[in-house]
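J.: One structure coming up, written as structure tokens, with questions to follow.
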Amino acid sequence: MKMRKNVQIFLYTLSLAAILWYPAATILKIEFPKEPPVEMKFAVRAVDPYDPLRGRYVRLTVFPNEIAVPEGRKFNRMGKVFLVLEKKRDGFARAVRLAEDRGEIAPEEIFVKVGGVYRLYNPKNNEWKNAWHFTLPFSFFYLNELDAPELEAELLNRSRSTKDKDMVLTVQFFKDGLFAVKKLEAQKGKK
């Protein structure tokens with residue numbers, strides 16, 4: 001009986017260690033990277049939904065969110081799809097291409113796994129475009145409770161404006177497709 005209990009405690013401890021290992025390893029990779037991260041900016045449209053269960057956050061539409069692909073190229077909507085990014089001179093990100101396999105991505109390229117991939121349709125011509133839409137994984141931005149009223153006021157002012165609706169999201173990209181959102185701020189000038 002005692003032996004069985006010791007085995008159960010050992011297996012429970014081993015399971016708990018395995019559960020905690022992945023988030024701890026990811027945090028260590030982000031906090032202490034082997035190589036410095038590449039920082040890119042994205043133009044975003046932010047909406048402040050009222051949701052008492054999720055806390056203070058804004059929902060982001062991140063641009064670029066579509067890319068032209070060669071004729072005949074298809075992607076599995078339910079499979080893994082990676083977006084290869086390139087940093088432009090002004091610091092903003094440019095979508096280079098979509099890839100279904102990490103083997104298609106060179107070691108020095110910056111990439112991120114995307115979701116919501118679907119082919120665009122043009123109802124005027126009644127035909128499919130050679131472009132695909134995707135959703136970047138940082139479509140939510142959670143706020144500190146003390147900073148939330150300031151951002152909400154900024155979003156309210158921007159919603160009333162006929163121009164300058166975009167904001168800038170700064171993201172740090174690490175090797176192996178990891179990323180960390182750094183900040184969300186008002187856009188200064190046009191990109």
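J.: Could you grab the pairs with beta carbons closer than 6 Å, sequence gap of 6+ or different chains, first residue in the range 29-53 and over 28 Å from residue 174 (Cβ atoms), second one part of a helix (DSSP H, G or I)?
T.: Listed pairs, sorted by first residue: 48/152; 48/155.
J.: Of all residues in the range 110-123, which are more than 12 Å from residue 66 (Cβ to Cβ), without any contact (Cβ under 8 Å) to a residue 60 or more places away in the chain and either of a type in the set (A, V, I, L, M, F, W, C) or open to solvent by less than 70 Å² (accessible area, probe 1.4 Å) (or both)?
T.: 115, 122 - these are the residues of the range 110-123 that are more than 12 Å from residue 66 (Cβ to Cβ), without any contact (Cβ under 8 Å) to a residue 60 or more places away in the chain and either of a type in the set (A, V, I, L, M, F, W, C) or open to solvent by less than 70 Å² (accessible area, probe 1.4 Å) (or both).
J.: Before we move on, is residue 153 farther than 16 Å from residue 61 by Cα, at pLDDT below 80, among the small types (Gly, Ala, Ser) and open to solvent by less than 20 Å² (accessible area, probe 1.4 Å)? Walk me through it before giving the result.
T.: Numbers: farther than 16 Å from residue 61 by Cα: yes; at pLDDT below 80: yes; among the small types (Gly, Ala, Ser): yes; open to solvent by less than 20 Å² (accessible area, probe 1.4 Å): no.
No: the conditions fail for residue 153.
J.: For the range 49-61: of the residues being open to solvent by 70 Å² or more (accessible area, probe 1.4 Å) and under 19 Å from the mean Cα position of the chain (by Cα), which is modelled with the highest pLDDT?
T.: Of the range 49-61, the ones open to solvent by 70 Å² or more (accessible area, probe 1.4 Å) are 50, 52-54, 56, 59.
Of the ones still in play, those that are also under 19 Å from the mean Cα position of the chain (by Cα) are 54, 56, 59.
Working: 54: 69, 56: 73, 59: 82.
The qualifying residue modelled with the highest pLDDT is 59.
J.: Right, next: In the range 27-48, is there at least one residue being assigned to a strand (DSSP E or B) and open to solvent by 80 Å² or more (accessible area, probe 1.4 Å)? It would help to see each step written out before you state the result.
T.: So in the range 27-48, the residues assigned to a strand (DSSP E or B) come out as 38-47.
Then keep just the ones that are open to solvent by 80 Å² or more (accessible area, probe 1.4 Å); that gives 45, 47.
Scanning the range 27-48 turns up at least one residue that is assigned to a strand (DSSP E or B) and open to solvent by 80 Å² or more (accessible area, probe 1.4 Å).
J.: I've got another one for you. Out of curiosity, is residue 12 more than 15 Å from the chain's Cα centre (by Cα), over 17 Å from residue 173 (Cβ atoms), among the hydroxyl-bearing types (Ser, Thr, Tyr) and at pLDDT below 90?
T.: no
The values are calculated or read from the model by the stated rules, or taken from the named source; none is laboratory data. Source: prediction; values computed, not measured. A quick note on method: Cβ atoms are made from the backbone with ideal geometry, for glycine too, and the neighbour counts reach across all protein chains shown. What goes into the accessible areas is simple: the full protein's heavy atoms, side chains included, and nothing from ligands, DNA or RNA. Shrake-Rupley method; radii C 1.70, N 1.55, O 1.52, S 1.80 Å.
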